[in-house]
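Presented below is the structure to which this report refers.
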C-alpha cells in the first residue's frame with residue numbers, strides 16, 4: 001500500500017502532466033448546465049430530447065473495466081453515475097482520463113443521459129475536463145472515527161464522508177429560517193447590535209477581552225445582546241430580535257462552546273407569562289415543521305413537544321430534589337446541608353449562595369427533566385436583570401428545560417433604574433467576595449432606563465442546543481461547524 005507522501009507525489013506528477021498538456025489543474029470557471037439533482041429530476045425529459053448537458057462535481061468512485069470506466073460524480077444537489085467509453089472518447093482521450101483523474105478530483109463531464117439495463121440513471125460522457133485536482137486521497141474509514149476530535153478539526157472531511165453530518169447543518173439552517181419567519185410574522189424587527197462592547201453585560205459570564213489600537217481602549221466580545229436590545233425598546237421599538245454569535249470565556253463541555261449562536265428577542269408591553277405561551281406555540285410548531293412530528297426521539301428518550309408544558313416553581317423543584325427549603329438557608333448552612341445529605345455536588349470554587357444554588361440545580365434538577373418544562377419564579381439573587389414578583393424574594397422568570405438541557409432563559413425585564421443599580425451593586429459585591437462570574441454596572445444602560453422603558457419581556461435561546469435536540473446529537477460540537485479546539 002502506498003504511503004500518503006507517495007500518493008501525493010504521484011498526483012503532483014499528474015497535475016504537472018495536465019499543465020504540460022495545456023490544461024489548468026484549477027480552471028476558474030465551469031460550463032455546467034445543470035446541477036446533478038436537477039438533471040436527475042428532469043431525467044426523462046433530457047433522455048427524450050437527447051440533449052447534451054454538462055455536469056460538474058467531485059468524483060466519488062471509479063470502476064474501470066477494460067475500455068469502459070464507470071464513475072460517480074457528486075455536487076451539492078446529488079450524485080449520478082457517469083460512463084466513459086473508449087469508442088466515444090477515442091483511445092488517446094480515454095487513456096488521458098485514466099492517466100490523470102483520481103477519486104476526489106472535481107471534474108466537468110459533458111454528455112447525454114440514458115438508463116442502464118439495471119435502471120441506473122447515467123451520463124454517457126463525450127467530453128471531460130478537470131476542475132480541481134485533488135492532491136490527497138479521500139479517507140477510506142472516516143465514518144465512526146474513534147478520534148472524534150479529528151472530525152471536528154477536519155470538518156470538511158467529516159461533511160464529505162458522512163452525509164448525515166451535512167444533514168444536521170442543513171437542518172440547523174432551516175431552523176434559523178423558521179425562527180426568523182415566525183418572529184417576522186409576529187411583527188418583530190431583526191436588528192444588529194455591537195459585537196465589541198466597552199462594558200460586557202446581559203448575562204452572568206466571563207468575557208473575552210481585546211484591544212482597539214486606534215482608540216487605545218480595551219473592549220469585550222459580547223456575552224449577550226440583551227442590554228443593547230433593551231436600549232432599542234427604550235428608544236421606541238416595541239418588538240426586536242437578533243440572531244447573533246455570543247462569546248463566553250468559560251469551560252468547554254457537551255453543552256458549552258466559547259462562541260455560540262443565540263437568538264434573543266424583546267417584546268414591549270408583555271411579561272413572562274406571555275412569553276411562555278409564545279414559546280409553546282413557536283417551538284412546538286417549528287419542531288413539527290422540521291421533523292414531521294411534535295414528538296421526537298432523543299437518545300433512549302422520546303420528547304413530547306405537544307403543549308401545554310408544565311410550569312413548575314423553582315423553589316418547589318429544588319425542595320423536591322433535595323429536601324431543602326431554599327428561603328430558610330444561608331450560603332454556609334446550604335453548604336453544610338449539601339455535605340450532610342451527600343448530594344454529590346462538587347463544592348470547590350463556590351463562594352456565594354447564588355452560585356451554590358445554581359450548581360445544585362444543574363446537578364440534581366435539570367438533568368432529570370426530559371419533556372419541555374418551565375421552571376418558573378427564581379430567587380431574585382439569581383436573576384439580576386429580572387423584575388421582582390409581589391414576593392420580592394422571587395422574580396418573574398423561567399427556564400425552559402428539555403432533554404436535560406437548559407434551552408431558553410426568559411423573564412419580565414427589570415425597568416426600574418434605581419432597583420437595577422442596586423442589583424448590579426450586589427453583583428459587583430459578589431465579584432469582590434470571590435465569585436468568578438458576576439454582572440457589572442453599566443451606567444449608560446441605567447441612563448437609558450432613567451428616560452423610561454415600558455414593561456418588557458425578554459427571551460433567549462441557544463440555537464446550537466435546540467438543533468442538537470432536534471437532530472439527536474448529544475454535544476453541541478456536533479451542531480457547530482468549527483467548534484473551538486485546543487491547538488495541537
* To do: Assess whether residue 84 counts as being in contact with a strand residue (DSSP E or B) (Cβ under 9 Å, 6 or more places away or on another chain), part of a strand (DSSP E or B), over 16 Å from residue 160 (Cβ atoms) and in contact (Cβ under 8 Å) with a residue 12 or more places away in the chain.
  => yes
* Search the range 218-232 for residues being closer than 19 Å to residue 439 by Cβ and over 21 Å from the mean Cα position of the chain (by Cα), and hand back the single one that is surrounded by the fewest Cβ atoms within 10 Å (Cβ to Cβ). => 218
* If you take the residues of the range 382-398 that are more than 14 Å from residue 271 (Cα to Cα) and buried (at least 18 other Cβ atoms within 10 Å of the Cβ), which of them is farthest from the chain's Cα centre (by Cα)? -> 394
* Within the range 347-359, is even one residue surrounded by 16 or more Cβ atoms within 10 Å (Cβ to Cβ), touching a residue at least 40 places away in the same chain (Cβ under 8 Å) and closer than 21 Å to residue 313 by Cα? -> yes
* Residues of the range 250-277 that turn out to be part of a helix (DSSP H, G or I) and touching a strand residue (DSSP E or B) at 6+ places or on another chain (Cβ under 8 Å), as a count -> 4
* residue 429 vs. criteria at pLDDT 95 or above and either more than 30 Å from residue 306 (Cα to Cα) or not in a helix (DSSP H, G or I) (or both) -> no
* Could you look through the range 278-292, keep only residues that are part of a helix (DSSP H, G or I) and out of contact with any helix residue (DSSP H, G or I) (no Cβ under 7 Å at 6 or more places or on another chain), and pick out the one that is surrounded by the fewest Cβ atoms within 10 Å (Cβ to Cβ)? => 281
* Exactly one of (1) within 41 Å of the chain's Cα centre (by Cα); (2) within 24 Å of residue 139 (Cα to Cα) is unmet by residue 99. Its number? -> (1)
* Given the structure, is residue 481 part of a strand (DSSP E or B), modelled with pLDDT of 95 or more, surrounded by fewer than 23 Cβ atoms within 10 Å (Cβ to Cβ) and within 32 Å of the chain's Cα centre (by Cα)? -> no
* If you take the residues of the range 179-190 that are in contact (Cβ under 8 Å) with a residue 24 or more places away in the chain and exposed (fewer than 15 other Cβ atoms within 10 Å of the Cβ), which of them is nearest to residue 467 (Cα to Cα)? -> 190
* So which of 82, 104 is farther than 18 Å from residue 47 by Cα and surrounded by 15 or more Cβ atoms within 10 Å (Cβ to Cβ)? -> 104
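Looking only at the range 399-420, how many residues end up being under 26 Å from residue 198 (Cα atoms), touching a residue at least 40 places away in the same chain (Cβ under 8 Å) and surrounded by fewer than 21 Cβ atoms within 10 Å (Cβ to Cβ)?
1
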* Can you name the residue in the range 443-478 that is out of contact with any helix residue (DSSP H, G or I) (no Cβ under 6 Å at 6 or more places or on another chain) and assigned to a loop (DSSP other than H, G, I, E, B) and, of all such residues, is surrounded by the fewest Cβ atoms within 10 Å (Cβ to Cβ)? -> 452
* Residues in the range 226-242 that are more than 19 Å from residue 262 (Cβ to Cβ) and out of contact with any strand residue (DSSP E or B) (no Cβ under 8 Å at 6 or more places or on another chain): how many? -> 3
* To do: For residue 423, indicate whether it is in contact with a strand residue (DSSP E or B) (Cβ under 7 Å, 6 or more places away or on another chain), at negative phi and crowded, with 19+ Cβ neighbours inside 10 Å.
  => no
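Residues checked against (1) modelled with pLDDT of 95 or more; (2) surrounded by fewer than 14 Cβ atoms within 10 Å (Cβ to Cβ); (3) over 29 Å from residue 477 (Cβ atoms):
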{"residue": "197", "(1), (2), (3)": "yes, no, no"}
{"residue": "211", "(1), (2), (3)": "yes, yes, yes"}
{"residue": "216", "(1), (2), (3)": "yes, yes, yes"}
{"residue": "249", "(1), (2), (3)": "yes, no, no"}
{"residue": "260", "(1), (2), (3)": "yes, no, no"}
{"residue": "268", "(1), (2), (3)": "yes, no, yes"}
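The values are calculated or read from the model by the stated rules, or taken from the named source; none is laboratory data. Computed from a prediction, not measured in an experiment: that's the story for all the values here. Backbone-built Cβ (ideal geometry, glycine too); neighbour counts: all protein chains shown.
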